[in-house]
1. Would you be so kind as to identify which of T72, Q58, A98 lies farthest towards the positive end of the dipole of the chain, taking Lys and Arg as +1 and Asp and Glu as -1 on Cβ and the Cα centre as origin?
2. Find how many whole Å separate the alpha carbon centroid of segment 1-60 from the alpha carbon centroid of segment 99-130.
3. Residue separation times 0.36 nm, minus the C-alpha to C-alpha distance between L130 and E68: what's the value?
4. Return the calculated 222 nm mean residue ellipticity for the chain, to the nearest 500 deg cm²/dmol, obtained by summing -39500 (n - 2.57) across DSSP H runs with n ≥ 4 and dividing by the residue count.
5. Over every pair of different alpha-carbon atoms in segment 52-129, take the mean of 1/r and invert it; report that Kirkwood radius in Å.
6. Which whole-Hz couplings ³J(HN,Hα) result when phi for each residue of segment 75-84 is put into the Karplus expression 6.51 cos²θ - 1.76 cosθ + 1.60, θ = phi - 60°, listed in order with x for Gly and Pro?
7. Just to be sure I understand: of the beta bridges DSSP finds with both ends in the chain, what percent are antiparallel, rounded to 5?
8. Report the relative contact order of segment 6-129, percent, no decimals, based on alpha-carbon pairs under 8 angstrom and at least 6 residues apart.
Amino acid sequence: MSGDKDVVRTEAAPAPFQGAPYSQAIKAGGLVFVSGQLALEPGHTELMGGSIQEQTEQAMANLRAILEAAGTGLDRLVKTTVFLQNLDDFPGMNEVYARHVGDRPPARSTVEVARLPSGALVEIEAIALL
């Protein structure tokens, strides 16, 4: 690491939304902090998938790609926050999420929000050990 915080950037996950001033992730203090991920495929601006399951799958794939670029993985997650456009989608999101986090899942908060970028159904941010 070159300093207090290092920017993580990978082409295997979407670039910051509409050129907004944030990083895909930041490495600092032995942790990696991953910005919220939507169901966007790298290089695309349209959401992928119409169901909560499809959108959660893509958001988790983006998280995985960013964590791997940082030198870690989903198995090192310590905390996630899941933002849902509708809390009724919790069971569908949770089914997909559970497959990705394994038998030692991170701490998690899940909240319903009034609106997400691009009309997304789910956004997931994360903190992982390096």
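Bear in mind these aren't lab numbers, they're just calculated from the coordinates by the rules spelled out. This is a predicted model, so every value here is computed, not measured. Note that we place each Cβ from the backbone using ideal geometry, even for glycine, and neighbour counts take in every protein chain shown.
1. T72
2. Going from one Cα centre to the other spans 12 Å.
3. The L130-E68 span can extend by a further 21.3 nm.
4. Roughly -8000 deg cm²/dmol at 222 nm, from the helical runs in the chain.
5. Kirkwood hydrodynamic radius for segment 52-129: 12.5 Å.
6. With the stated coefficients, segment 75-84 comes to 5, 9, 4, 10, 7, 10, 10, 10, 9, 10 Hz.
7. Numbers: 20 of 26 bridges.
Here the share of antiparallel DSSP bridges comes out near 75 percent.
8. Values: 253 pairs, mean separation 39.1, N = 124.
With pairs under 8 Å counted, the relative contact order is 32 percent.
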